[in-house]
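Shown next, in structure tokens, is the structure this report addresses.
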Amino acid sequence: MFTRAIAITVALFIFSAMCAHAQGLEGLVRLSGDKNFRFSSTNTDWQRSNVDFKAILPGQTLTLADIKGPGAIRRIWMTVLPSEPGYSRLMTLRIYWDGETTPSVQCPIGDFFGVGHGLDENVDSLPVHVSAEGRARSCYWVMPFRRSARVTVSNDGSLATWCFYYQVDGTYGKEPSDAPYFHCQYRQEFPCGPGRYVIADIKGRGKYVGTVLSVRSTRDGWFGEGNDYFYIDGGKEPTLRGTGFEDYFGEAWALRRSSGPFSGCSVFEGGFAGGRASCYRWHVPDPINFTRSLRVEMQHMGVGVDSKGEEHNNVDRPDEYSSAAFWYQVGGINSVEPWPAGPERLPFDYRTFIEAEDLKIPPPDSGKIEVVKENGLHGDKDLEWTGANVGSELNLPFEVKKTGRYQIMALVATDETGGVGKFLLDGQRILSKAGRPIRRSRAFVRVRGSNGHGRVQRSRT
């Protein structure tokens, strides 16, 4: 009986996703006179050149599409060869409908595609798909407009983005007079203050269709005891009340990485200070309708210590929250939140990181190290360690000026013939609280070579 119950549950879940796909597939048997359009980064001299990317300098805005309607955008795809860590939080997507000067969509590209913190991670959901280790981003939200649509991406970072590829696909054709406009707005609170975190505060008539919510813990312990609350049409009490952070995103008993058609967790590093999480929820099968207003809130509660030093499970925590809210609305947006500068959207200012290439590195016990020019990387250079024997070590020593509690983060590129990393602090191997070596590069002091070749690329500590 238990096996059969599981099989029925899985079958129903798959069936619900298939029904959503079928609604789109069913439209294929109906012929239409609508004409297709595509705006892309393809070379204007396409018959003789295959250089199909654009560059976006710091502070510059690239127009991806300037469309004269009526019509609808049906797909947006992009990929980036980044020069800067955290680039997906530093590049801002904006979309303007029908000549509006206030963007109905204003969001970092990473959060718009389901991943916060400026990270690259895969997402396999119905309206959003991210692959190629988080670097190929696609969305399939239908975005109707009546007269025009303008899509832009701005580089709010400090380094140029040299290779930006994109496609914006859709159809020309008259849309229903009451068709609502697509909206997405980003918010953040670093750290959260008293009261609940506000995901969205919308005035007008429409339907809410999605949330991407990211958290960076500022202290140890589980952060996700807070509930979600939806206040519909000015109600003094929430119309919809949740039962926990992870419950809203279709998980239970804490978080773990997952990717489903309507909900998932694209990032979860653990319940320690500095740990990051990103989750998404698409209200495609259950849109939240409102006629006058909608306010969406999330409590920022979890494990904490009171003034007596006693630990409790349901206290407000000053964690760092950021979010993207997705909805359809009749008419344009009334106002937008003050837009934070690029570096203010990240917990680390990557401009102040220590470049491994600039450290005074003692010679390794085998092989050689050299700094080579590598266009497109941070600083256009790369530290390489080659010719190493198996078991050889390369040390990257650094010092901190003041005694204190630090989070150490390293950015290390992978390589097919790369090394196996070990993490040491003051000569001692760093372990997690469970006594296991820390996974994912949160500290970086030593690299142990394997396969006769070790490489440290774009690494910073």
| task | Run the accessible area of the stretch 332-371 with a 1.4 Å probe and give the carbon-and-sulfur part as a rounded percent. | result | 50
| query | What are the lysines whose alpha-carbon lies under 17 Å from the alpha-carbon of residue 360, with same-chain residues fewer than 8 places away excluded? | reply | 368, 381, 401
| field | Value of relative contact order over the stretch 44-137, rounded to a whole percent, pairs C-alpha under 8 Å and six or more apart | value | 20
| request: Quote the FRET efficiency, to the nearest 0.05, computed for residue 36 versus residue 165 with a Förster distance R0 of 25 Å and r equal to the Cβ-Cβ distance. | output: 0.80
| message | Which of rounded, prolate or oblate describes the stretch 141-241 when judged by the alpha-carbon gyration tensor and an a/c cut-off of 1.5? | response | oblate
| Can you list residues whose amide H is under 5 Å from residue 381's amide H, if they're 5+ apart or on another chain and H is modeled 1.01 Å from N? | 374
| said: Residue by residue through the stretch 56-64, what is 3J(HN,Hα) from phi via Karplus (6.51 cos²θ - 1.76 cosθ + 1.60, θ = phi - 60°)? Round to whole Hz and write x for glycine and proline. | reply: 10, 6, x, x, 9, 10, 9, 7, 7
| said: Let me check against my output: what whole-number percent is the relative contact order of the stretch 202-339, with C-alpha pairs under 8 Å and at least 6 apart? | reply: 39
| task | Sort the stretch 77-143 into rounded, prolate or oblate with this rule: let a ≥ b ≥ c be the square roots of the eigenvalues of the Cα gyration tensor; rounded if a/c is under 1.5, and if a/c is not under 1.5, prolate when a/b is larger than b/c, oblate otherwise. | result | oblate
| field | Karplus-derived 3J(HN,Hα), 6.51/-1.76/1.60, for each residue of the stretch 331-338, Hz, glycine and proline x | value | x, x, 7, 7, 7, 10, 5, x
| task | Enter the accessible area per residue of the stretch 261-395 (Å², integer; probe 1.4 Å; all protein chains in place). | result | 45
| query | Per-residue HN-Hα couplings for the stretch 287-296, Karplus 6.51 cos²θ - 1.76 cosθ + 1.60 at θ = phi - 60°, whole Hz, x for Gly and Pro? | reply | x, 9, 8, 9, 10, 10, 6, 8, 10, 10
| query | Rounded, prolate or oblate: which fits the stretch 74-231, taking a ≥ b ≥ c as square roots of the Cα gyration tensor eigenvalues, rounded meaning a/c under 1.5, else prolate when a/b beats b/c? | reply | oblate
| said: Less than 12 Å apart at the alpha-carbon level, and either on another chain or at least 8 residues along: which aspartates and glutamates does that give for residue 373? | reply: 357, 382, 384
| said: Could you work out what % of the accessible surface of the stretch 97-253 is carbon and sulfur, using a 1.4 angstrom probe and leaving DNA, RNA and ligands out of the count? | reply: 49
| Fully extended, how many nm does the chain gain between residue 57 and residue 386 (0.36 nm per residue separation, minus their Cα-Cα distance)? | 115.1 nm
| field | Segments 28-39, 172-183, 136-147 sorted - mean Cβ within 10 Å per residue, highest first | value | 136-147, 172-183, 28-39
| Contact order relative to length of the stretch 258-371, as percent, for alpha carbon pairs under 8 angstrom and 6 or more apart | 11
| message | Ratio of alpha-carbon Rg to the 2.2 N^0.38 Å globular estimate for the stretch 187-320, to two decimals, please. | response | 1.06
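Provide the packing ranking of 239-245, 273-279, i.e. peptides ordered by the mean count of other C-beta atoms within 10 Å per residue, highest first.
273-279, 239-245
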| said: Going Cα to Cα from residue 174, which lysines come in below 19 Å? Please leave out same-chain ones fewer than 8 positions away. | reply: 35, 68
| Can you tell me the accessible area per residue over the stretch 94-181, all protein chains present, probe 1.4 angstrom, in square angstrom? | 34
| Inter-centroid distance (Cα atoms) of the stretch 260-319 relative to the stretch 154-195, Å | 22
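The values are calculated or read from the model by the stated rules, or taken from the named source; none is laboratory data. What you are looking at is a predicted structure, and each value in this text was computed from that prediction instead of being measured. For neighbour counting, all protein chains shown are included, and Cβ atoms are generated from backbone atoms with ideal geometry for every residue, glycine included. Only protein heavy atoms, including side chains, enter the accessible area calculation; ligands, DNA and RNA are left aside. Shrake-Rupley method; radii C 1.70, N 1.55, O 1.52, S 1.80 Å.
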